[in-house]
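Values quoted throughout were computed directly from the atomic coordinates according to the rules given, and no laboratory measurement underlies them. Note that the structure is a prediction, hence the values are computed from the model and not measured. Here the Cβ is made from the backbone with ideal geometry for all residues, glycine too, and neighbour counts use every protein chain on show.
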Amino acid sequence: MTEKYAMVIAFTALLIYLAYRSYRRVTSYQDYNLAGRKTGFPALVATLGAAEFNTATLIGGASVAYLYGTVGLWYTSFIFVFVFGIYAWTVAKPYRRLEISTIAEFFERRFHGRLSETTRALASVVTLTFTWIAPATYLAGLSVVASVLLGVDPLTTVIVITLVCLVLALAGGFMTAISFDVVAYVMILIFIPVMFFIGYFNAGGFGELSGVFEPKYLSFKPIWDLENYGFAAILTWCFQNIMLYVAAPWYGQRIFSARNERIAKRAMLANTVLIVVLYGLVALTTMFSRVLMPDLDEAEEALPRLVLEYTPPIIQGLLLVTLLLVGISTMVAIWNSAVSIVVNDLFKRYVFRNRGDRFYVMSSRLVFLVLGASTLIFALSFVGNILLVLTYVSVFTALLAFPILAGLYWKRFTTAAALSSLSVGVVYVVVALLGDFAYHLVSPVGIALSAVVGTVVTLVQTAGNKEPIDPRVEEFFATAHGKTTAHGEKGRHEHAEV
């Protein structure tokens with residue numbers, strides 16, 4: 001146990017150093033908010049990967065593999081081929097070319113007229129919902145790790161980690177988040193394969209899985225009749241994540257910070273491959289833990305207990321540090337997105353206009369404090385239901401995807417259509433969640449209604465309309481897609497490729 005505490009202390013000292021270095025490098029609000037838009041390819045791949053590789057999916061998703069074998073591979077790994085692949089080919093380059101700071105600013109740039117401010121405000125509220133609640137699920141995952149590997153009770157864990165994360169995040173904002181992500185990702189790339197081989201060799205290889213799993217849980221054939229994780233739920237989870245990540249403010253913030261659009265797209269493609277492989281190794285490792293520990297009371301403890309009972313103290317310490325880094329880096333990342341939304345979309349837009357950089361940096365730090373307190377309260381109620389909570393809080397953000405994609409690829413798509421689309425989706429999802437609808441009837445139906453309403457409103461508004469496209473929309477498209485305008489000018493935010 002002494003070795004573990006020593007490594008945790010050493011790792012905390014490293015994070016303090018990185019936070020202090022980030023603090024010294026911050027010279028403007030853009031540095032604090034977007035790392036000066038100078039993130040290169042290696043750092044961007046690392047921060048994208050570390051932002052996704054979180055303890056909520058790692059602990060919650062791994063529990064699915066412990067219970068249902070290859071169902072967990074579908075749920076936590078294979079779906080990301082589509083999730084991140086679609087992101088890379090649809091929005092990565094346009095987002096960076098637009099030089100926006102939040103998803104709501106996308107709505108501001110694309111949609112105009114008397115309903116534009118309402119549309120932008122609703123987008124701000126929707127994105128803030130997820131970023132405000134989601135960190136608590138990651139903190140809940142960390143409490144499981146610490147209680148198993150260090151014997152620390154969940155209340156102490158969430159208090160200590162929240163305070164540490166707050167102090168560190170306050171220093172350098174998004175620069176701190178990227179620094180943490182790079183360290184976390186290096187550890188992930190090293191120790192996830194290590195965990196896989198520990199599980200593989202101690203369990204005796206793949207052949208032993210048939211002793212603890214029914215044949216259907218060792219096949220990749222879809223299983224439809226599981227209560228929470230049947231194939232309908234997997235397809236729903238995949239579809240919801242595709243939509244969610246298109247609108248995800250924490251991923252958007254990373255893409256917005258890229259040095260240029262070419263780096264943004266390539267980093268996302270690299271992230272697609274790496275996340276699928278890494279989550280696949282995690283799911284397989286958890287399946288091996290079922291061989292070694294077939295009667296766990298809590299499936300969410302499978303991964304940390306494998307580390308505790310089948311690795312020497314030094315490896316335990318390093319793996320503990322890796323798991324803690326995964327959770328902390330993701331928490332800081334999502335916190336930064338929430339703070340960015342509050343300051344950019346609410347304070348700068350409506351409350352404190354035209355203030356200096358110093359004012360907005362200080363405002364960001366105050367929002368961090370409020371956010372940390374709420375995260376602490378939420379986290380204590382999420383233990384035991386981490387993945388389900390994360391699933392349901394992501395539904396609302398996914399509703400932004402259709403207006404974003406239609407806005408990017410359909411010039412005639414109107415502001416009224418975007419607002420109607422989003423409003424109908426939000427109302428339906430609220431009713432569905434309160435009415436306890438089946439999971440596959442929540443997000444897919446909400447997004448389908450959103451798409452139908454948005455399409456119908458646009459077609460009705462533009463029927464017989466022979467007027468030319470609004471010049472502001474033409475300029476938006478020229479900028480987002482790197483093309484020339486009707487006047488032969490390049491989009492004003494296009495960047496040279498490096």
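Cβ crowding within 10 Å ranks 163, 139 as 163, 139, fewest other Cβ atoms first.
With each label modelled as a point 7 angstrom along the Cα→C-beta vector, the residue 89-residue 6 pair spans 5.1 nm.
Highest first, please rank the peptides 326-335, 239-248, 356-365 by the mean number of other Cβ atoms sitting within 10 Å of their residues. Please list the in-between numbers first.
Working: 326-335: 29.2, 239-248: 24.2, 356-365: 15.9.
Going from most to least packed, we get 326-335, 239-248, 356-365.
Counting neighbouring Cβ atoms within 10 Å and putting the fewest first, the residues 153, 345, 225 line up as 225, 153, 345. Protection proxy ranking for 33-40, 457-464, 400-407, 312-319, using the average of other Cβ atoms within 10 Å per residue and placing the highest first: 400-407, 33-40, 312-319, 457-464.
For residue 411 and residue 164, calculate 0.36 nm times their separation in residues minus their Cα-Cα distance, and state this gained length in nm to one decimal. If you can, show how the numbers build up before the last one.
On the way: separation 247, 0.36 × 247 = 88.92 nm, distance 4.68 nm.
Fully extending the segment from residue 411 to residue 164 adds 84.2 nm.
With R₀ set to 25 Å, the beta-carbon distance separating residue 455 from residue 28 gives a calculated FRET efficiency near 0.05.
Between residue 156 and residue 38, the contour length at 0.36 nm per residue exceeds the Cα-Cα span by 38.7 nm.
With a Förster radius of 25 Å, plug the Cβ-Cβ distance of residue 483 and residue 273 into 1/(1 + (r/R0)^6) and report the FRET value to the nearest 0.05. Rounded to the nearest 0.05, the efficiency is 0.30.
Ordering of 430-436, 346-352, 411-417 by packing is 411-417, 346-352, 430-436, highest average first (other Cβ atoms within 10 Å, averaged per residue).
Tell me what the chain gives for mean residue ellipticity at 222 nm when only DSSP H runs of n ≥ 4 count, each as -39,500 (n - 2.57), the sum divided by the residue total, rounded to 500 deg cm²/dmol. Walk me through the numbers before you get to the answer.
Numbers: 23 runs with 352 residues, N = 498.
My calculation for the chain gives -23000 deg cm²/dmol from helical runs alone.
Rg then Dmax, both in Å and based on the Cα atoms of the range 62-199: 19.5, 60.
Between residue 369 and residue 466, what's the calculated FRET efficiency when r is the beta-carbon distance and R0 is 51 Å? Round to 0.05. Present the calculation step by step, with values, prior to reporting the outcome.
Values: r = 55 Å, r/R0 = 1.07.
Calculated value: 0.40.
Straight-distance candidates among the aspartates and glutamates for linking to residue 466, with alpha-carbon spacing under 18 Å and chain neighbours fewer than 8 residues away dropped: 474. The orientation-averaged shadow of the Cα convex hull for the range 2-385, equal to a quarter of the hull surface, comes to 18.2 nm². To test your reading of the geometry: what angle, between 0 and 90 degrees and rounded to tens, separates the Cα axis of helix 41-52 from the longest principal axis of the chain? Roughly 70 degrees between the two axes. The simple spin-label model puts a point 7 Å past each Cα toward its Cβ; for residue 377 and residue 218 those points are separated by 4.9 nm. Sequence-distant contacts, meaning Cα pairs under 8 Å at least 6 residues apart, place the relative contact order of the chain at 31 percent.
Charge dipole (Cα centre; +1 on Lys/Arg Cβ, -1 on Asp/Glu Cβ; no other charges) of the range 2-385 amounts to roughly 2100 debye. Place +1 on the Cβ of every Lys and Arg and -1 on the Cβ of every Asp and Glu in the range 111-245, take the dipole about the Cα centre, and give the residue among 220, 201, 232 whose Cα lies farthest towards its positive end. Positive-most Cα among the choices belongs to 232.
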